[in-house]
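Written out below as C-alpha cells is the structure these notes cover.
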Amino acid sequence: MAIFHGCHYLRPSDVLGTDDPEDPKKIQDIISALGGRTVPWIGQLECCGAGGGLRAREPERALTILEERVKGIKDAEVDAIVTVCPFCFLQFDMGQDALREAGSDYSIPVFHLNQLIALTQGAEASHVARMSKTPRQSVITSIQGDGK
C-alpha cells in the first residue's frame, strides 16, 4: 500500500506535532499492525494538488500535480492508496476518474485509513467503503475474502 499523509496531517509540524514531517511512521505502524505492507514511493510527502483551494481555482494544475503523484504510486506497484485526509481521498479518487476520462490509465483504489481499519476488523464493505469513483473491490476481497 502507498501511504499519502497529506499536507495538513504533517504541517505545520511545530503546531500539530502528529509525526515527523520528514520521516513519518505512525500510519505505517498502524497499517503494519493491521497486517498490511507499505511501500515507499516518489512524491509521498508532497501535496496531492487539492490543498489551499487549488482544486477549485486551478483544476487543470491540480490534476497535473495529482498525475505526478499517481505516477509515482503506480511505479511503486502497490495495490491501494491509503490516506488520512478526506480532501486527499477525494483528490485521488475523483482525480483519477478525471484522468481516466482524459485518457490516462490510472485506477489505483483509494481508502481512508478509517475505512481500512474497519474493513480489517470485519465491517461490511457496503457500510464503510461503498462510495468510490475508482474500483476497489479487488482490494476489499483481498482484505476480507469472498465472504463479506
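A short reminder: the numbers here are calculations on the coordinates, not readings from a lab. Note that this is a predicted model, so its numbers are computed, not measured. Cβ placement follows ideal geometry from the backbone for every residue including glycine, while neighbour counts extend to all protein chains displayed.
Report the rotationally averaged projected area of region 24-110 based on its alpha-carbon convex hull, in square nanometres. Let's see the in-between values first.
Numbers: hull surface 22.1 nm².
Spelled out: convex hull of the Cα atoms, projected over all directions, averaged, 5.5 nm².
Provide the gained length on full extension for the span Lys26 to Thr64, in nm with one decimal, where the gain is 0.36 nm per separating residue minus the Cα-Cα distance.
Working: separation 38, 0.36 × 38 = 13.68 nm, distance 2.86 nm.
Going from the current span to full extension adds 10.8 nm.
With all pairs of different alpha carbon atoms counted, what Kirkwood hydrodynamic radius in Å does the chain show?
With all distinct Cα pairs of the chain included, I get 15.6 Å.
Using only DSSP helix segments of four residues or longer, with each worth -39500 (n - 2.57), what per-residue ellipticity at 222 nm results for the chain after dividing by its residue count and rounding to 500? Please list the in-between numbers first.
Working: 9 runs with 73 residues, N = 148.
That comes out to -13500 deg cm²/dmol.
State, to one decimal in nm, how far the label point of Gln137 lies from the label point of Ala102, with both points 7 Å from Cα in the Cβ direction.
Between Gln137 and Ala102, the simple spin-label model gives 2.9 nm.
I'd like the GluC sites (Glu not before Pro) in region 3-72 restricted to DSSP loop residues with at most 16 other Cβ atoms within 10 Å, sorted by number. Numbers along the way, then the final one.
Values: sites: Glu22, Glu46, Glu60, Glu67, Glu68; in loops: Glu22, Glu46.
Hits after loop and neighbour filter: Glu22, Glu46.
Explain nothing, just compute: Karplus ³J(HN,Hα) = 6.51 cos²θ - 1.76 cosθ + 1.60, θ = phi - 60°, for every residue of region 43-59 in order, whole Hz, x for Gly and Pro.
Values, residue by residue: x, 5, 9, 8, 6, 7, x, 9, x, x, x, 4, 4, 7, 7, 9, x Hz.
Can you count the Lys pairs in the chain with C-alpha separation below 24 Å, eight or more apart or on different chains? Walk me through the intermediate numbers first.
Values: Lys25/Lys71; Lys25/Lys74; Lys26/Lys74; Lys71/Lys133; Lys74/Lys133; Lys133/Lys148.
Lysine pairs satisfying the spacing and distance rule in the chain number 6.
Per q in 0.22 Å⁻¹, report the Debye log10 I(q)/I(0) for region 97-148, using one uniform scatterer on each alpha carbon and no solvent.
Result of the Debye calculation: -0.78.
Take the alpha carbon atoms of region 1-49, find their center, do the same for region 68-135, and report the distance between the two centers in whole angstrom.
15
Which whole-Hz couplings ³J(HN,Hα) result when phi for each residue of region 86-91 is put into the Karplus expression 6.51 cos²θ - 1.76 cosθ + 1.60, θ = phi - 60°, listed in order with x for Gly and Pro?
Those phi angles translate into x, 5, 5, 4, 4, 4 Hz.
Evaluate E = 1/(1 + (r/R0)^6) for Asp79 and Leu16, where r is the Cβ-Cβ distance and R0 equals 30 Å; express this FRET efficiency to the nearest 0.05.
0.55
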